[in-house]
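The values are calculated or read from the model by the stated rules, or taken from the named source; none is laboratory data. Note that this is a predicted model, so its numbers are computed, not measured. In this analysis, Cβ positions are derived from the backbone assuming ideal geometry, glycine residues included, and neighbour counts consider all displayed protein chains. Please note that ligands, DNA and RNA were not included when accessible areas were found on the heavy atoms of the full protein model with its side chains. Shrake-Rupley method; radii C 1.70, N 1.55, O 1.52, S 1.80 Å.
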Amino acid sequence: MASALLGTDLDLLNKRTGKVRDLYDVTLASGEEALLIIATDRISAFDVVMQNGLPGKGIVLTQISKFWFDHFADTVPHHLISTDVADVPGLTDAQRDSLAGRIMLCRKTEVVPIECIARGYITGSGWKDYQRSGEVCGITLPEGLQNSDRLAEPLFTPSTKAVDGHDENISFAQGAEEVGEELMHWLGEKTLSLYSSARDYAASRGIILADTKFEFGQINGAGEPILIDEIFTPDSSRFWPADDWQPGREQASFDKQIVRNYLETVVASGEWDKTSPGPVLPDEVIERSIARYLEAYHLLTGEHLSL
């Protein structure tokens, strides 16, 4: 199954390419300078982009982000201006058709160089840190926790924003050295507030929001930060089905875990060593994975998304 959009080549300014997103600078009809973010169908695992993607994944991610930006519209300022492809200048009709549903026009900001992570459950890199030291990002936790246990209180566990490779977990004090103590306190409070609200909403929909990450930016590098990038998507969060949660093991996630599990078998067989290029994903893995993304959208929003 071929992916519908693995990349873009638009006649727009200053293209930047991430693992999943393509970014361009645009000038809106109002004269405002904006950022065009296109969520492609590329999928990465172990910091490597696979040779094929998940058809429609970029649309699902964009529509989930839009749902949450709307949900928190009265809670926190954010960068989203529009998700209507008709608002993007300089595109042909064919380009608008291919990009429908997968674009965000956003205010330009200077990114705060801290990845803001909220953890309500002990899992992932936090679980590995805990096993090694009994701590997560310098925060000492009780003894005897199991993998995927719920924490008594959610944790703010920042990390560095890596341009290439893995982000690195850091302590609050290390973050304060980077951006200042006042801003770190603001980031921590806002991160935990947003996470707690979204966790409670997701729980009402039968989903456990185990952890999530945010990015914030400042207009012209000053003033109160605003929420940027994607929020509460299966690529930036761990969503687990509440009726299947069982501490002491890995959980079934509404994300690319199916892809990661398949790739681990490829690594174990010696066919891939987790370096680029990534392998071609089989149709069955692709179909099961995109079905999980669509299920997450349906559970969160109550709506069905047609791709």
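Quick look at the numbers
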quantity	calculated
All strands (runs of 3 or more DSSP E) inside segment 71-156 with 3 or more residues being in contact with an Asp or Glu (Cβ under 6 Å, 6 or more places away or on another chain) and among the polar types (S, T, N, Q)	none
Positions within segment 17-73 being among the small types (Gly, Ala, Ser), at negative phi and out of contact with any Ser or Thr (no Cβ under 8 Å at 6 or more places or on another chain), in sequence order	GLY18, ALA29, SER30, SER44, ALA45, ALA73
Unique match (being open to solvent by less than 70 Å² (accessible area, probe 1.4 Å), farther than 24 Å from ASN220 by Cα and in contact (Cβ under 8 Å) with a residue 12 or more places away in the chain) among LEU187, LEU183, LEU105, LEU151	LEU151
Residue match in segment 283-301 (condition: of a type in the set (Gly, Ala, Ser) and in a loop (DSSP other than H, G, I, E, B))	no
Filter result (of a type in the set (Gly, Ala, Ser) and open to solvent by less than 60 Å² (accessible area, probe 1.4 Å)) within segment 259-278	GLY278
Candidate set: segment 60-82, residues that are without any contact (Cβ under 8 Å) to a residue 40 or more places away in the chain and buried (at least 18 other Cβ atoms within 10 Å of the Cβ); chosen: the one farthest from the chain's Cα centre (by Cα)	LEU80
Residue selected from segment 201-226 under the condition out of contact with any strand residue (DSSP E or B) (no Cβ under 9 Å at 6 or more places or on another chain) and of a type outside the set (Ser, Thr, Tyr), by the criterion farthest from TYR297 (Cα to Cα)	GLY223
Candidate set from segment 219-240 (those that are open to solvent by 40 Å² or more (accessible area, probe 1.4 Å) and over 11 Å from the mean Cα position of the chain (by Cα)); member that is farthest from GLN146 (Cα to Cα)	ASN220
Answer from LYS19, LYS57 - the residue that is surrounded by 15 or more Cβ atoms within 10 Å (Cβ to Cβ) and charged (D, E, K, R)	LYS57
Residue among GLU178, GLU215, GLU143 that is touching a residue at least 60 places away in the same chain (Cβ under 8 Å), open to solvent by 10 Å² or more (accessible area, probe 1.4 Å) and over 20 Å from the mean Cα position of the chain (by Cα)	GLU178
Residues of segment 92-124 satisfying the condition of being farther than 30 Å from GLU143 by Cβ and of a type in the set (A, V, I, L, M, F, W, C)	ALA94, LEU99, ALA100, ILE103, MET104, LEU105, CYS106, VAL111, VAL112
Selection count, segment 290-307, where residues are closer than 16 Å to ASP235 by Cβ and either open to solvent by less than 40 Å² (accessible area, probe 1.4 Å) or not hydrophobic (A, V, I, L, M, F, W, C) (or both)	7
Identity of the residue in segment 199-212, part of a helix (DSSP H, G or I) and out of contact with any Pro (no Cβ under 9 Å at 6 or more places or on another chain), that ends up least open to solvent (accessible area, probe 1.4 Å)	ALA202
